[in-house]
Structure formats: structure tokens, C-alpha cells
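The block underneath contains the structure these notes are about, expressed in C-alpha cells.
No lab work stands behind these numbers, since they all come straight from the coordinates. Here the structure is a predicted model, which is why all the values come from computation and not from measurement. Cβ placement follows ideal geometry from the backbone for every residue including glycine, while neighbour counts extend to all protein chains displayed.
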Amino acid sequence: MNLPENIPWCEKHRVLCFSDLKGQDLAVDKVNMFLKNFPKKKAIILHGPPGTGKTSLAYVIASELDAEILELNASDLRNKEKILQIIKPASEQRSLFKKSKIILVDEVDGISIKDRGGLSELLAIIEKSCFPVIITANDIWKQSFNLLRQKCELIQLKEIDYKTILDLLINICKKEKCFVNKDVLTSISIKARGDIRAAINDLQIISRLDESSLVKEVGERNKEESIFTSLQYIFKNANIDAKMLNIFDEVNMNIDEIFLWVEENIPLEYKKEELAKAFDALSIADVFRGRIYTHQNWRFMVYEYFLLGPGIAASKKFNRTGWTNYKKPSRILKIWLNNQRCAKKKTICIKYAKYCHISTKQAMKDFMLVKIILRDNNIREKLKLGSEEIEYLDKHM
Amino acid sequence: MDFKGSDVWTERYRPKKFDELIGQDEIVKRVKSLADSMNIPHLLFAGPAGTGKSTLALIIVKELFGESWRDNFLELNASDERGIEVVRQKVKDFARTKAMGDVPFKVIFLDEADALTREAQQALRRTMENFTSTCRFILSCNYSSKILDPIQSRCVVFRFRLLEKKDVKKVMDRISLGEGLTINPEAFDMLYEFSEGDCRRVINLMQATASISPNITLDLVNTIVSQAKPSDIKIVLDYALAGDFLNAREKLLDIMLKESISGQDVIKAIQKEIWNLPIDNDLKVRLTEKTGEAEFRLVEGSDEFIQLESLLASFILAGGK
């Protein structure tokens, strides 16, 4: 048996039931619908950025159904023979055991063009299977997955916000009886950028190091290297070649994060006309991103990626040389810092907003007037402002 | 007033009966007749800020339920809780239980409903149907175009108009009388101009000004207004026209964060500022067009700041240095 220390925390603390799965309510609902309607559709694809709980969700489904999981990794899915050997018997033998089964094909985007046989056999399996097939993937929008997408119910898992991650980390700390400074936990949560697994891994390392200053060293490293290379390619080359078209394939980040990196660094490379052109491309890419959200039309991602890569590259006429020290996106951090600084202002605004039947946002916007009105002690009492809030108001007269 | 002692004036002087509401006579007449029949359909109030949407909703429930209005009324603000969770949890939980008293339904007021995501609106639509027998919805929004058609078709839509100067005057007179203020005419004009017909804003301005002195003069108003105005967006544009993108960008973000203003507000300020810039007329026209395009994209897109940066880049180009 393994000693507890030897199990990675992200495995040890995997969730066990739907209600423990944080931040993915919509996906959970969709899964329940799928199970209810099974076998109308035989398979689901859980897709989303790394560490958002795809595999966890699959295991939760199994435990809720009291089913046995037959798991295949991308690395197992190398060829037709292998798939036949593993899946086929499993999907056809129904009543040998009493337990129901779930076939889990993890990380299907690992199947490359070379494994075409594997993909078509997977499709056949879905046809024939008498058990639900669960497929997980980071990016399901490659053309080679067209057929697969048609056969399956698509369920998207969203990036987890940092507060949810923070709560999770605090919980794990309690269970592991380790003490980590809350600031460090917050910093880990923010840095994880929606990836729970990365956050838990970082926490485990930090808890051993017991050196909060080392938090900066953990994680992020690989992510940065790959985005640096891609940025360099986009900003230095004016030609659009095959590599440019798929420039972000190798970058281990979601597209929103890539947006921030490109945004931050455009002015370091481009001036005047090029600058205007590049930001125009970025702006239209963002418009497509907005359309994807509002209309749920994922086809538009093609344009989003194109404008973000080749679109930015084509803003200049000639190749350029030289080395540029690309910067990390700073906007999100600034917003976060500002929120920390304004925490008191916000709690005041929440109270004022409730009292005056307006939104907190509106109260924040009106704060220059509101704070003058709140000089009045009677009104402070009516809003039940706390001593720290009053102190904030007196300080910011 | 029933008691002495200060209060927030927007609340103290919030109209409590139909005939106290100023500037929306037609709407009040129709809504009143609905309320008198002790039955209302779902309502959608569309119109600019500070024109009386929330006030009318509050009057309706007070008329319907009398003393027990608090038990039968749920107020939510969609811009604070814009996810699908609001609709699913709070609304459902509230709509599920029976109304207390004589009126057979409860009322949910969903303020700033145009801030709800599409998903949430879809969910809301079903909820509205499922609980019609026990629950009525009053939705308010600035732009009815941002409300899904199927929701609009389930509501009676009322369009609130901006308050005219004479309406704003009435509101201010009522408050001056209640608080014992004197407001000289130039001060009144300034207050009105800065409020842009937004009643809540004008009342807040009055209260802030009166906190210094009950004799409100133009100078006094100017002091308060200059404090309350969003920081000069001109500094950002100056940087941009001088070709300094990085500083323009940084300053812009600072202003937006510090003063909690939205991208829309920034665009509005830029659009007003262009005509004061030291540049050629044809350039002003082109930049105004760019600003309009940026505002359009800002509504369509997902990240306001990127759209603003793109606009700043146009200013850099116009600066030509």
C-alpha cells in the first residue's frame, strides 16, 4: 500500500460526488441530462482547459452510478488493434458482472492525424457500446474531430475562478493539517489561472518547502517558455506560413490568456501604423470572442485564432530581427491589486446599494458623491457601517 | 417627515404613491389601473437611469400588499449577480412558496436585467412561465434590445423617458422645501446640466452640496461637481497624440480602476473631448468615427479594455509623431 505522502494531493483529494465538484454546476446538470436520456446519445465529450475537473467529473459520474471505469489514456489509443483489444470486449459483454460500466477515453486530443485508425475505431465503439462513453479533451475543435463531435454530447467545463480554487486549497490545508499563509494561497490560486490541478500541485510543493518566497519559482515556467516562442514568431515574421496558422497549438494556455499576452506586448514591437493595425486585428478577434460567448457559436474560434496569430503578424510589411524581452500580462494583476485596495470601499458600496435600491457597481461609480453624503453620522448608523468602514471613509475624505 | 434626523435623500424623498412620481404620467396612469385591479402581468420597465423604474416597482408592491409588502417582494440586481445561479436559486426558491395575504401572487423585481447573460435569461424565461400562478416579475433595464425577445413577449413593456428640466425642477423644489435649502438659478442650471436628467444623480448632488451649506450657489455646485467628475480623460488622449502608447494605456487603466468607470463611460468622455483637441477638423471627424466604431465593438466584444486600446492606437496614428 502507498503511504499517504506518496500520493499526489491532486489524486488524493479528487472529489467523490457531484455536490463536491466546485464551480461546474452547469456541466453537472448537462451530465445528468445525458445520463437520463442515455442511450439517446451514447457518448459525451467533456472539454475545457487543463485542471478544470474533466477527469474528476468522469470519476464522479462513475461513483454516482456505482459503475466500474474502463480507462484509456491517449497513449493507449495508438492504433486500431490496441483499441479493439481493450474496448471492444468491454463494451459488448453486458451481464458478466453485475456492475455497470463506463468507458473513459481520457485526453482524446492526444490522438493525432497519425492515429486516424484509432479515431475511427473509437467512433465505431461509440456506435456499438451498451455503456456510456465519456471522452475528455482540451480542444475539441480540430477538424479531424468533426465526426466525433456529431456523435457526442459536448459539455464544456469552464475555468475555475481563483476564489473557488482558494477555498479548495484552504480545505486541503485543513485536511493535511499543514499551515500555509493565506497570502501565499491566494497567490497560488491566482497564478494557477483556473487550473485546479496546477494549484494543488503547487500547494503540495510549497507545503514541503515551507518557504513562501519560493512560490514564484513554482509553476508558470513551461507555460512562459512556449508563449515566448510563439510571440517571437508572430512579432518577428511578416510571412504567414503553415506554422503561423497553427502558432498557438503548442502553447499550453487557454485563448483568453494568450489574448492578454499579445495585448501586453504589441506596443513593445509595433509603432504607429503597425500598432494601429495590430490592435485593430486584436479588437476584431475580441469581437469574435464576444460573438462566441453570446451566440455559443464555436465555429468562430477559427477567426479568433487567425486574427490573434497571423492577423497580428501581418500588421507589418517586413520581417524584423532583434530580441525583445516580452512582458507578462500585468492588467489582471493590477485589477486584482486594485480590488484588494478597494475592499473596504466595496463593502461600503454594497451596504449603500442595498439601502438605495441600486447595484453595487452603480454605487462604486457614484462613490465620489456617496462618500460626501456618508459624512453624516446618522446615515452611517442607518447603513450599519462598521468601524473599519468608517475609518476608510474618514481617511479618504 | 415622520422623524427628525438625516437620511439619504434619494430614499427620504423616494415617491411612495403613484401620484407622487414625477415625469412619467402616462405610464403611471396605466400601471395604476393595473394595480387597482389587484392583478398585474409581468412588467418590463425600459429607460435611462434615474427616471423612476425602481421607484415605480416599489410603489406597485406597496399598493398591492400594503404593510406586508416586504414578505411578498424580492429585489435582485442582475448586475451584481449576473450568472445563471441567481435565476435558478434565488428566484426559484422565492417563487416556489405561496404568497401571504389576499393577493394570490408574489412580486420579483429584477433590476438591471439587461446585465443578465443569455443563458440566465433563457433560464429566467422558463421560470417566468412555470411560476406565473404564484409570481409576477417586474424587470428593469436600460436597453430593451438586450432582453431576449421571448422574455419581452411575456411582459407588458413600458418605456420611461428622460426627465425634462421642469420635472427635475419639481423634484428639486420638493427637496428644497423639505430640507430648507435655497438654490440660486445659476446653481440650479448647473445641477441640472450635470445630472443629465438623471433624478437620482441630481438628488445626490444636492445632498452633497447641501452638506457644506444650505445656501446653494454656483460656486458651491462647481466645487462638488469638479470632485465628482471622472478624472480627465484628456491626459490619456494627450499621451496618445504625443505617440506615447504605454503611458496612455497605463493612465487609462488607472482611471478606470480608481473610479470604477466602465468602458462605455470612457468612450462617452472621449467622444465629448475630441472637439476640444488641438487637431485638424477632418482628423476630428475621423477620430469620432473611430470612437463610434469602438463603442460598437465594445458592445459586441468580450473585453472592453482591448477595444479602448485599439481606439488609443488610432489616436497615436492621428498624432502622427
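Taking amide H positions as modeled 1.01 Å from N, with prolines and chain starts lacking one, the residues under 5 Å from B:L43 and 5 or more places away or on another chain are B:F137, B:I138, B:L139, B:V156. Report, in whole Å, the centroid distance computed from the Cα atoms of segment A:248-320 and segment B:9-62. That distance is 47 Å.
Only Cα pairs under 8 Å and 6+ residues apart enter the sum, and on that basis the relative contact order of segment B:165-225 stands at 40 percent. Scoring A:255-265, A:379-389, A:340-350 by mean Cβ neighbours within 10 Å over their residues and listing the highest first yields A:255-265, A:340-350, A:379-389. Between the beta carbons of A:K317 and A:L123, assuming R0 = 35 Å, the FRET efficiency works out to 0.15 to the nearest 0.05. Taken about its Cα centre, segment B:230-320 carries a charge dipole of roughly 140 debye when the Cβ of each Lys and Arg holds +1 and the Cβ of each Asp and Glu holds -1.
Its alpha carbons give chain B an Rg and a Dmax of 22.7, 73 Å. Across the cross-link table entries A:K317/B:K251; B:K229/B:K251; A:K236/B:K251, which are compared at the Cα atoms, the separations over 22 Å belong to A:K317/B:K251; A:K236/B:K251. Sorted largest first, the principal axis extents computed over the alpha-carbon atoms of the protein assembly as shown equal 90, 71, 51 Å. Residue by residue along A:275-285, Cβ atoms of other protein chains within 10 Å of the local Cβ number 6 on average. Taken about its Cα centre, the protein assembly as shown carries a charge dipole of about 1320 debye when Lys and Arg each add +1 at the Cβ and Asp and Glu each add -1 at the Cβ.
Placing dummy labels 7 Å off each Cα toward the beta-carbon, the span from B:D149 to B:K29 is 3.2 nm. Its DSSP H runs of at least 4 residues, each contributing -39,500 (n - 2.57), put the calculated 222 nm mean residue ellipticity of the protein assembly as shown at -16500 deg cm²/dmol, to the nearest 500.
Lysine pairs in segment B:24-159 whose alpha-carbon atoms fall under 20 angstrom of each other, counting only those eight or more residues apart or on distinct chains, come to 14. Neighbouring Cβ atoms from other chains, within 10 Å of the Cβ of residues in B:291-304, number 4 on average. The Cα center of segment A:158-208 and the Cα center of segment B:297-316 differ in position by 34 Å. What is the percent of Cα-Cα separations in segment A:288-379 that go past 22 Å? Cα-Cα pairs of segment A:288-379 separated by over 22 Å account for 61 percent.
Segment B:155-201 and segment B:230-296 have Cα centres lying 29 Å from one another. Peptide B:53-63 has a mean shielding of 1, counted as Cβ atoms of other protein chains within 10 Å of each residue's Cβ. Calculated on the Cα set of segment B:24-159, radius of gyration then Dmax: 13.7, 36 Å. Which of the aspartates and glutamates could be linked to A:K328 by a straight reach, that is with a Cα gap under 13 Å, when you skip same-chain ones fewer than 8 residues away? The reachable aspartates and glutamates, counting only those whose Cα sits under 13 Å from A:K328, are A:E220, A:E224, A:E225, A:E257, A:E263, A:E264. Using θ = phi - 60° in the Karplus curve 6.51 cos²θ - 1.76 cosθ + 1.60, the 3J(HN,Hα) couplings for segment A:317-330 round to 8, 10, 4, 9, 10, x, 10, 10, 8, 5, 9, 5, x, 10 Hz; x is entered for Gly and Pro. Note on segment B:230-320: dipole from Cβ charges, positive end direction compared against B:A242, B:L253, B:L298; the farthest Cα belongs to B:A242.
Residues with beta-carbon under 12 Å from that of B:A248, excluding B:A248: net charge, scoring Lys, Arg +1 and Asp, Glu -1? That works out to -2. Farthest toward the positive end of the dipole of the protein assembly as shown, out of B:Q122, A:Y233, B:V202, is the Cα of B:Q122, where the dipole comes from beta carbon charges about the Cα centre. Sorted into 5 angstrom bins from 0, the C-alpha pair distances of segment B:230-320 split as 3, 15, 29, 28, 18, 6, 1 percent. Close amide H partners of A:I102, meaning residues 5 or more places away or on another chain with modelled amide H under 5 Å apart, are A:E68, A:I69, A:L70.
Its Cα gyration tensor gives segment B:165-225 an equivalent ellipsoid. The semi-axes, each the square root of 5 times an eigenvalue, are 15, 13, 10 Å from largest down. Kirkwood hydrodynamic radius of segment B:209-267, from the reciprocal of the average inverse Cα-Cα distance over all distinct pairs: 13.2 Å.
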